[in-house]
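The values are calculated or read from the model by the stated rules, or taken from the named source; none is laboratory data. Bear in mind the structure is a predicted one, so any value in this text is a computation, not a measurement. Please note: Cβ atoms are built from the backbone with ideal geometry, for glycine as well, and neighbour counts cover all protein chains shown. Note: areas computed on protein heavy atoms with side chains; ligands, DNA, RNA excluded. Shrake-Rupley method; radii C 1.70, N 1.55, O 1.52, S 1.80 Å.
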Amino acid sequence: MSKSCIVFVVQKHKATRLHYDFRLQIGPALKSWAVPKGPSIDPSVKRLAIMVEDHPIEYKDFEGVIPNGYGAGTVMVWDFGDYTLLEGSIQEGRLRFYLDGKKLKGVFSLTRTRWRENSWLLVKEYDAFDQVDRRGYDITKEQPNSAKTGLTLEEIGKGSGKE
Ligand code: MN
């Protein structure tokens, strides 16, 4: 069986406010959600995820500084990998998928809420990779650095213009 090679990336983005941009390759683009608190691997935690504009696939590798304009700030590739869509679609307002990232692994879901347009919830499902046995474990705090380079946000910020 051939392995699906569609990608996901989570970019930690220090703009006006720190948030995490969760992006899934769907069709020709990266469908994107801004997650203010970042993902959790505790299935009892629901994280608000605001659907934002699509990004081109090539953006998945971007780590660096956006000097000005929309999103100005520092971007880190906090996590990345392949994922498998298990069921659902954007149109249905629910997606279940299996992430094979450097940090995030296992089944997660994104479910559209009825509170307002563009608001979804990102939730980990119970599986071998959940963290129900480790109450209070916050993966964004425990593993804050880039999955691509190991750099901190501050280091990425200082490296602007080098490349
Ligand atoms: Mn962002």
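Karplus-based coupling profile of the range 52-64, in residue order and whole Hz: 10, 5, 4, 10, x, 3, 4, 5, 4, 8, 6, 9, x, with θ = phi - 60° in 6.51 cos²θ - 1.76 cosθ + 1.60 and x standing for Gly or Pro. By its C-alpha gyration tensor, with a ≥ b ≥ c as the square roots of the eigenvalues, how is the range 9-159 shaped: rounded for a/c under 1.5, else prolate for a/b larger than b/c, else oblate? It is oblate, given that a/c is not under 1.5 and a/b is not larger than b/c. GNM on the chain, alpha-carbon springs under 10 angstrom: the most fluctuating residue among Thr84, Thr111, Thr149 is Thr149. If you sort the three axes of the alpha carbon gyration tensor as a ≥ b ≥ c, you get a/c of 1.5 or more for the range 1-56 and a/b no higher than b/c, which makes it oblate. Between Gly93, Gly69, Gly106, the residue with the greatest mean-square fluctuation in the GNM of the chain (Cα pairs under 10 Å linked by springs) is Gly69. Residue by residue, the range 137-145 carries 3J(HN,Hα) couplings of 6, 10, 4, 6, 7, 6, 10, x, 8 Hz when phi is fed to the Karplus relation 6.51 cos²θ - 1.76 cosθ + 1.60 (θ = phi - 60°); x denotes Gly or Pro. With helices as the sole contributors, the chain gives -1000 deg cm²/dmol at 222 nm; each DSSP H run of n ≥ 4 counts as -39500 (n - 2.57), and the sum is divided by every residue.
Under a 5 Å amide H cut-off, with hydrogens placed 1.01 Å from N, Arg94 pairs with Ser89, Arg112 among residues at least 5 apart or on other chains. Between Gln143, Trp115, Phe129, the Cα set farthest toward the positive side of the dipole of the range 82-163 (charges on each charged residue's Cβ, about the Cα centre) is that of Trp115. Can you give me the % of accessible surface on the chain that is carbon or sulfur? Probe 1.4 Å, all protein chains present, nothing else counted. Using a 1.4 Å probe with all protein chains present, the chain comes out at 52 percent carbon and sulfur. Among the lysines of the range 1-101, pairs that are 8 or more positions apart or on different chains and have alpha carbons within less than 18 Å of each other number 7.
Excluding ligands, DNA and RNA, the accessible surface per residue across the chain is 56 Å² with a 1.4 Å probe.
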